[in-house]
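The structure appears right after this line, and notes come after that.
The values are calculated or read from the model by the stated rules, or taken from the named source; none is laboratory data. Every value quoted in this text rests on a predicted model; they were computed, and no experiment measured them. Cβ sites come from the backbone with ideal geometry, for glycine too, and all protein chains shown count toward neighbours.
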Amino acid sequence: MSAQEQPMKNLITRLIPAGNRAKRVVVPFLSGILAAGVFAAPTLTSAESSKNEEIYRQLGLFGDIFQRVRESYVDEVDDKALIEAAINGMLTSLDPHSSFLNTENFSDMQVQTRGKFGGLGIEITMENGLIRIVSPIDDTPAAEAGLQPEDYIIGIDGEAVRGMALADAVDKLRGKVGSDVTVTIQRAQNEPFDVTVTRDIIKIRSVRSDVYDNIGYLRITTFSEQTSPGLNDAVEKIFTEYGDNVKGFVLDLRNNPGGLLNEAIAVSDAFLDAGEIVSTRGRDEKNASRAYAKPGDIARGLPLAVLINSGSASASEIVAGALKDHQRAVLLGTRSFGKGSVQSVIPVSGTGAIRLTTARYYTPSGVSIQATGITPNIEVALARIEELDGGNTREENLKGALDKDANKPNTSSPGGDTVAKDTTEEVDQSKVDYQLARALDLIQGVALFTKDKATP
């Protein structure tokens with residue numbers, strides 16, 4: 001046996017010992033804590049022994065192919081990259097959500113889930129081979145430096161970005177907090193100019209809020225470590241400003257791909273006083289878990305509507321399912337994505353990890369939504385609200401109609417056309433987003449009904 005073949009042979013031997021020799025049992029823990037103990041050597045049945053021998057042969061086949069690729073492939077190959085590709089192929093064959101995370105991928109995932117990183121604070125996209133700024137984030141170095149939407153970044157620290165991959169551009173813009181980066185900006189037809197920006201801690205804003213006619217609007221874009229604190233702060237701010245005038249809330253989970261399971265539980269718990277939120281069940285029933293709500297409703301029992309669509313997945317569906325099953329909220333929109341599985345990120349040797357599907361989750365009613373999704377209470381298709389030319393015709397628009405007040409001039413123009421409106425004001429999202437408009441109408445109706453019912 002060659003020196004090159006020996007490591008692979010040793011690996012196989014460690015994985016699958018031959019025969020009926022005593023075995024050391026290793027128990028994996030998702031927490032990354034290694035438990036050590038003394039175990040009695042199990043006695044293998046003939047079926048178990050035969051199965052292990054087959055696995056041994058298959059691993060030997062892998063080692064043989066690996067060695068032949070190293071020796072005979074037309075180009076020299078990177079051993080590490082080859083093994084990582086083999087591992088990833090094994091995991092991706094299980095389901096679409098299991099995968100191998102090398103050092104770089106693992107680091108990126110940690111950045112996303114922690115919700116903060118060292119950078120400039122801009123949302124960027126690739127357009128015609130250039131990096132376009134979608135928007136600078138409020139109160140970040142990019143905004144303070146005067147970067148604007150529709151600006152193009154054509155250079156980073158003197159290096160042209162044309163043809164550069166978006167991920168590579170992001171890596172160059174991110175960096176150590178306190179360090180500087182110089183970006184070359186092309187703004188409209190003006191001459192390019194340089195802007196030096198000092199990197200700082202950027203918090204990913206996973207929660208956005210607004211108020212429409214005394215109805216709180218809460219938009220959750222992802223479930224990161226910043227989500228539940230951001231949600232609590234947003235609701236508290238709305239109550240502080242509007243007090244008893246708040247009629248209810250709309251929780252917008254559209255196009256939210258999910259995120260951290262514990263944050264989905266925390267958001268659900270925020271609106272529930274009691275009851276089960278979600279349960280998870282894997283291969284071993286002993287590892288099944290259930291999460292329950294604690295007393296306290298940040299919305300103070302006010303009406304709640306939840307918006308979902310086909311882009312609402314995973315953690316979003318946990319929240320929507322819990323609030324629906326407990327009849328705490330009315331769901332509007334379209335059927336959700338249908339990702340009802342749980343992935344555990346398990347660190348492995350080195351600095352990488354594997355993302356492995358370890359369980360399915362179930363709504364409080366015991367229903368798995370895997371591949372079926374959450375069906376809204378009220379189906380509302382995606383549409384935009386647009387006024388027809390000329391607007392609606394009313395009595396006031398009829399030619400020769402009497403004025404409603406003799407002392408006030410008729411504002412209708414000759415021929416009955418309505419007077420043109422000033423369109424320079426900021427667009428009210430609630431007036432163009434049909435799904436949001438229907439949710440606001442629902443809260444208005446419930447609030448009105450509740451008020452009338454309470455009136456003696």
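Per this entry, A169 is not counted among residues that are surrounded by 13 or more Cβ atoms within 10 Å (Cβ to Cβ), out of contact with any helix residue (DSSP H, G or I) (no Cβ under 7 Å at 6 or more places or on another chain), within 20 Å of R205 (Cβ to Cβ) and not polar (S, T, N, Q). Among the residues of the range 330-339, the ones that are surrounded by 24 or more Cβ atoms within 10 Å (Cβ to Cβ) and either of a type in the set (G, A, S) or not assigned by TED's automatic domain parsing to the domain that holds G296 (or both) come to 2 in all.
Considering the range 360-369 alone, what residues qualify as being surrounded by fewer than 20 Cβ atoms within 10 Å (Cβ to Cβ) and either free of Cβ contacts under 8 Å to residues at least 60 places away in the same chain or in a loop (DSSP other than H, G, I, E, B) (or both)?
Just the residues of the range 360-369 that are surrounded by fewer than 20 Cβ atoms within 10 Å (Cβ to Cβ), to begin with: 360, 365-368.
Answer for the range 360-369, where residues must be surrounded by fewer than 20 Cβ atoms within 10 Å (Cβ to Cβ) and either free of Cβ contacts under 8 Å to residues at least 60 places away in the same chain or in a loop (DSSP other than H, G, I, E, B) (or both): S365, G366, V367, S368.
Out of T357, T351, T372, I need the residue that is part of a strand (DSSP E or B) and of a type in the set (V, I, T). Which one?
Working: T351 fails: part of a strand (DSSP E or B); T372 fails: part of a strand (DSSP E or B).
After ruling out the rest, the residue left standing is T357.
Every residue, every condition in (1) over 24 Å from E104 (Cα atoms); (2) among the hydrophobic types (A, V, I, L, M, F, W, C), yes or no:
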site: E123; (1), (2): no, no
site: P136; (1), (2): yes, no
site: E144; (1), (2): yes, no
site: L147; (1), (2): yes, yes
site: G155; (1), (2): no, no
site: V161; (1), (2): no, yes
site: V170; (1), (2): no, yes
site: P192; (1), (2): yes, no
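Name the single residue that is farthest from the chain's Cα centre (by Cα) among those in the range 324-372 being aliphatic (A, V, I, L, M) and closer than 17 Å to S314 by Cα. Step through it out loud before you land on a result.
Step one: of the range 324-372, the residues aliphatic (A, V, I, L, M) are 329-332, 342, 345-346, 348, 353-354, 356, 359, 367, 369, 371.
Then keep just the ones that are closer than 17 Å to S314 by Cα; that gives 331, 342, 345, 356, 359, 367, 369, 371.
Details: L331: 19, V342: 14, V345: 16, L356: 18, A359: 19, V367: 22, I369: 18, A371: 18 Å.
It comes out as V367.
Sub-6 Å Cβ pairs linking a first residue in the range 284-298 that is closer than 16 Å to I265 by Cα to a second residue that is β-branched (V, I, T), at least 6 apart or interchain, are S289/T280; A291/I265; A291/I277; A291/V278; A293/I277; I298/V235, ordered by first then second residue. Are there any pairs with C-beta distances below 9 angstrom linking a residue in the range 55-73 that is closer than 16 Å to A86 by Cβ to a residue that is among the basic types (K, R) and in a helix (DSSP H, G or I), with the two at least 6 apart or on different chains, and if so which? Pairs that qualify, where the first residue is closer than 16 Å to A86 by Cβ and the partner is among the basic types (K, R) and in a helix (DSSP H, G or I), are G60/K9; G63/K9.
Checked against the criterion of being buried (at least 16 other Cβ atoms within 10 Å of the Cβ) and modelled with pLDDT of 90 or more, the candidates L101, L94, L147 yield just one match: L147.
Of all residues in the range 228-255, exactly one satisfies the criterion of being touching a Gly at 6+ places or on another chain (Cβ under 7 Å) and of a type in the set (S, T, N, Q), namely N255.
Select from the range 174-200 the residues that are among the hydrophobic types (A, V, I, L, M, F, W, C) and surrounded by 12 or more Cβ atoms within 10 Å (Cβ to Cβ) and write down the one among them that is nearest to the chain's Cα centre (by Cα).
Step one: filter the range 174-200 for residues among the hydrophobic types (A, V, I, L, M, F, W, C), giving 177, 181, 183, 185, 188, 193, 195, 197.
Add one more test, that the residue is surrounded by 12 or more Cβ atoms within 10 Å (Cβ to Cβ), and what stays is 177, 181, 183, 185, 195, 197.
On the way: V177: 25, V181: 28, V183: 29, I185: 30, V195: 31, V197: 28 Å.
Only one residue tops the list, namely V177.
Based on what the data block shows, is T196 polar (S, T, N, Q), more than 29 Å from N105 (Cβ to Cβ) and modelled with pLDDT of 85 or more? Walk me through it before giving the result.
Numbers: polar (S, T, N, Q): yes; more than 29 Å from N105 (Cβ to Cβ): yes; modelled with pLDDT of 85 or more: yes.
When the stated conditions are applied, T196 passes them.
Is it true that G301 is in a loop (DSSP other than H, G, I, E, B) and free of Cβ contacts under 8 Å to residues at least 24 places away in the same chain? So G301 fits the description; yes.
Checking the condition over 26 Å from the mean Cα position of the chain (by Cα), charged (D, E, K, R) and farther than 30 Å from A305 by Cβ, which residue from E159, E150 passes?
Just one listed residue meets the conditions, E159.
Would you be able to tell me the number of residues in the range 210-224 that are among the hydroxyl-bearing types (S, T, Y) and under 14 Å from L440 (Cα atoms)? Steps first, answer last, please.
Our first condition is that a residue be among the hydroxyl-bearing types (S, T, Y); within the range 210-224, this holds for 212, 217, 221-222, 224.
Now restrict to residues that are under 14 Å from L440 (Cα atoms): 212, 217.
The qualifying residues number 2.
Filter the range 307-342 down to the residues that are assigned to a strand (DSSP E or B) and in contact (Cβ under 8 Å) with a residue 60 or more places away in the chain, then identify the one that is nearest to I378 (Cα to Cα). Lay out the reasoning, then the answer.
Here is the first cut: in the range 307-342, the ones assigned to a strand (DSSP E or B) are 307-308, 330-333, 341-342.
So of that shortlist, the ones also in contact (Cβ under 8 Å) with a residue 60 or more places away in the chain come out as 307-308, 330, 332-333, 341-342.
Numbers: L307: 10, I308: 11, V330: 8, L332: 5, G333: 7, S341: 25, V342: 28 Å.
Of everything passing the filter in the range 307-342, L332 is nearest to I378 (Cα to Cα).
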